[in-house]
Amino acid sequence: MKLKIKATNITLTPQLKAYVEHKATMLAKYYVGIIGIEAEVDLTSHHHRQGKIYRAEFNVAVPGKLLRVEKTAEDIFKAVDKVKEHMALELKKYKEKLIDKRRRVKK
């Protein structure tokens, strides 16, 4: 599994990089056939009334499909947690669809 991390409008600190790597590699337990993961973290808002809004995005390549999840939060680590949780649900759903297709073919 290939992992690519990109940071836009913020610096990718070693702590942040390690955190994103840890969360991204945890996704392998939900589906073994992951080809690659592209993770992007950035600072989206510079508006003085909204404060700092961080965005995290995971693009997970699986055979025949690309799963994409994007979440925003006021803390970069919370945004990464949100996107990891939602991607875990997407991977479970994808895996269930594959299992259901196999069951239908066998009947």
Inset, instruction - In debye, nearest 20, what is the charge dipole magnitude of the chain about its Cα centre with +1 on Lys and Arg Cβ and -1 on Asp and Glu Cβ, if you could check? - result: 860
Inset, instruction - Name the lysines eligible as straight-distance cross-link partners of K2: C-alpha to C-alpha under 23 Å, and not fewer than 8 places from it in the same chain. - result: K17, K23, K29, K65, K71, K82, K84, K92, K93, K95
Legend entry - Overall Cα dimensions of region 7-49 - principal axes, largest extent first, Å: 43, 19, 15
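Kindly give Rg over Rh for region 4-90, based on alpha-carbon atoms, with the Kirkwood expression for the hydrodynamic radius.
0.99
Only the coordinates and a few stated rules stand behind these numbers; no lab work does. Small disclaimer: the values here were computed from a predicted structure and weren't measured. Positions of Cβ are generated from backbone atoms using ideal geometry, with glycine treated the same way; all protein chains shown enter the neighbour counts.
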